[in-house]
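Report on one structure; see the data block that follows.
The values are calculated or read from the model by the stated rules, or taken from the named source; none is laboratory data. Being a predicted model, the structure only gives us computed values, none of them experimental. Note: ideal-geometry Cβ built from the backbone for every residue, glycine included; neighbour counts use all protein chains shown. Please note that ligands, DNA and RNA were not included when accessible areas were found on the heavy atoms of the full protein model with its side chains. Shrake-Rupley method; radii C 1.70, N 1.55, O 1.52, S 1.80 Å.
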Amino acid sequence: MAAHEPIPMVDLRANFAPLREEILAGVAEILDTGQFILGPHGRALEESAAAQLGVNHAIGCASGTDALLLALRALDIGPGDEVIVPTFTFIATAEAVLYVGATPVFVDVNPHSFNIDVAAVAAAITPRTKAIIPVHLYGQPADMLPLMALADQHGVPIIEDCAQAFGAHIDGRMAGSFGRIGAFSFFPSKNLGGAGDGGMVVTNDEKLAARLRVLRNHGSSQQYYHDELGYNSRLDEIQALVLRLKLARINDYTAGRRNAAALYRRYLGNLDLVLPQERSGFYHVYHQFTIQLEERDRVRAELAAQGIASAVYYPVPCHRQRMFAPAPAADCPAADQLAGRVLSLPMYPELQEAQVARIAEALSASIRG
Ligand SMILES: *Cc1c(COP(=O)(O)O)cnc(C)c1O
């Protein structure tokens, strides 16, 4: 019977179940103290996240989108400035650039890594380029070393979009610790996810950290004194409590995801599809396990008919979104092709071998059929 239970993309209930009692006790304590915003859980989370990521400062905020927005504001990016963004990403990466009045300049991605194409970045840099935002898409670090060399050569800061990559690293150096600022999302389905929205910015620069703290709290460093236009973008104590409990287990979650990915590789190895690349030295945390195949939409429908979820991240690259019209669409052939071929399979720490086997069987039948 269990073999026919639906297989979801993520199973947040399974993830929360072992934490349920601890979370409920913690929430009760927060309710009793009445300290809901900017309290001890938030501070403790910031400290342990900074330690885990190997950075000097971590600042909680309301979402991953806000983390990007705060990062751009802290770097004084605004109207007239250009920010280079990979076109194959979640829209929030580019939205944040629009929020500050700057212009996103979309560049293509590498079709094997799905990540920003460093040569395309080099070709897109102009005197107006004020930042580059690589995205560690699906949980594999972007090609940070050549990108940093290029950015340094032009004196352009990097903001890393780490929304899908908590715990990813390149030879031990954590995603989020490469650029001037790293931006994280704690949306529930992310690798480190809360029980609601949340985000974090990290940096090694003390001045930027202080500025980010001011910006997230109404431009205020001293209560009711406001030095500049800021935001209401704080991480609340209940989210911070949940995230602390999950952060303590993040290595287990990542191990579960990587185990599921290894199973997929084993079970799908002989099928007519392209497995995701895992670059040597790059520690992939598998926010998604994303294959490429022909007739993607037919296969997806056939999986759905058997109760197997899958998802297309992303069917329309940013440079083709109506949001950015009437700017002429950039030339990004790799992203255009990926948009028609990618399929993300169920991926979560608790995914079982029997489920992977069933997904593989369904895929195999669909691809042959
Ligand atoms: C989820 C995500 C964001 C936005 O994070 P939110 O917390 O949902 O605002 C930004 N960039 C990427 C690549 C994401 O996947």
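Picking from ALA131, ALA122, ALA96, ALA149, which residue would you name as being open to solvent by less than 20 Å² (accessible area, probe 1.4 Å), farther than 19 Å from GLN292 by Cβ and out of contact with any Ser or Thr (no Cβ under 9 Å at 6 or more places or on another chain)?
Just a single option satisfies the conditions, and that option is ALA131.
Restricting to segment 274-287, and then to whatever is open to solvent by less than 30 Å² (accessible area, probe 1.4 Å) and among the hydrophobic types (A, V, I, L, M, F, W, C), can you tell me which residue is farthest from MET347 (Cα to Cα)?
As a first pass, look at segment 274-287 and keep what is open to solvent by less than 30 Å² (accessible area, probe 1.4 Å): 276, 282, 284-287.
Filter once more, so that each one left must be among the hydrophobic types (A, V, I, L, M, F, W, C): 282, 285.
Working: PHE282: 19, VAL285: 11 Å.
Only one residue tops the list, namely PHE282.
Condition first: more than 10 Å from the chain's Cα centre (by Cα) and farther than 16 Å from LEU147 by Cβ. Now tell me which residues in segment 175-188 satisfy that. Step through it out loud before you land on a result.
The first filter runs over segment 175-188 and keeps only residues more than 10 Å from the chain's Cα centre (by Cα), leaving 175-182, 188.
The one that is more than 10 Å from the chain's Cα centre (by Cα) and farther than 16 Å from LEU147 by Cβ: PRO188.
If only one of GLU160, GLU206 is modelled with pLDDT of 95 or more, among the acidic types (Asp, Glu) and open to solvent by less than 10 Å² (accessible area, probe 1.4 Å), which one is it? Give the derivation first.
Working: GLU206 fails: open to solvent by less than 10 Å² (accessible area, probe 1.4 Å).
On inspection, the qualifying residue turns out to be GLU160.
Pull out all pairs, ordered by first then second residue, where Cβ-Cβ is under 7 Å, the residues are six or more apart or on different chains, the first lies in segment 26-44 and is open to solvent by less than 60 Å² (accessible area, probe 1.4 Å), and the second is of a type in the set (Gly, Ala, Ser).
HIS41/ALA240; GLY42/GLY60; GLY42/ALA240
Residues that are hydroxyl-bearing (Ser, Thr, Tyr): find the strands (runs of 3 or more DSSP E) completely inside segment 174-282 holding 2 or more of those. Spell out the reasoning first.
Values: elements: 181-185, 199-203, 220-222.
Hits in segment 174-282: 220-222.
All but one of (1) within 16 Å of VAL285 (Cα to Cα); (2) within 10 Å of the ligand (Cβ to nearest atom); (3) buried (at least 22 other Cβ atoms within 10 Å of the Cβ) hold for ALA175; which doesn't?
Result: ALA175 fails condition (2) only.
Find all pairs meeting these conditions: Cβ atoms under 6 angstrom apart; at least six residues apart or on different chains; first residue within segment 90-107 and aliphatic (A, V, I, L, M); second residue within 9 Å of the ligand (Cβ to nearest atom) and open to solvent by less than 30 Å² (accessible area, probe 1.4 Å).
As it stands, the answer is ALA96/LEU68, since those pairs meet every condition given.
Going by what's in this entry, would PHE114 be described as touching a residue at least 24 places away in the same chain (Cβ under 8 Å), under 17 Å from the mean Cα position of the chain (by Cα) and open to solvent by 60 Å² or more (accessible area, probe 1.4 Å)? I'd like the intermediate steps shown before the answer.
Details: touching a residue at least 24 places away in the same chain (Cβ under 8 Å): yes; under 17 Å from the mean Cα position of the chain (by Cα): yes; open to solvent by 60 Å² or more (accessible area, probe 1.4 Å): no.
In short, no.
Which number in (1) in contact with a helix residue (DSSP H, G or I) (Cβ under 6 Å, 6 or more places away or on another chain); (2) within 16 Å of the ligand (Cβ to nearest atom); (3) not assigned by TED's automatic domain parsing to the domain that holds HIS154 marks the one condition that MET9 misses?
(1)
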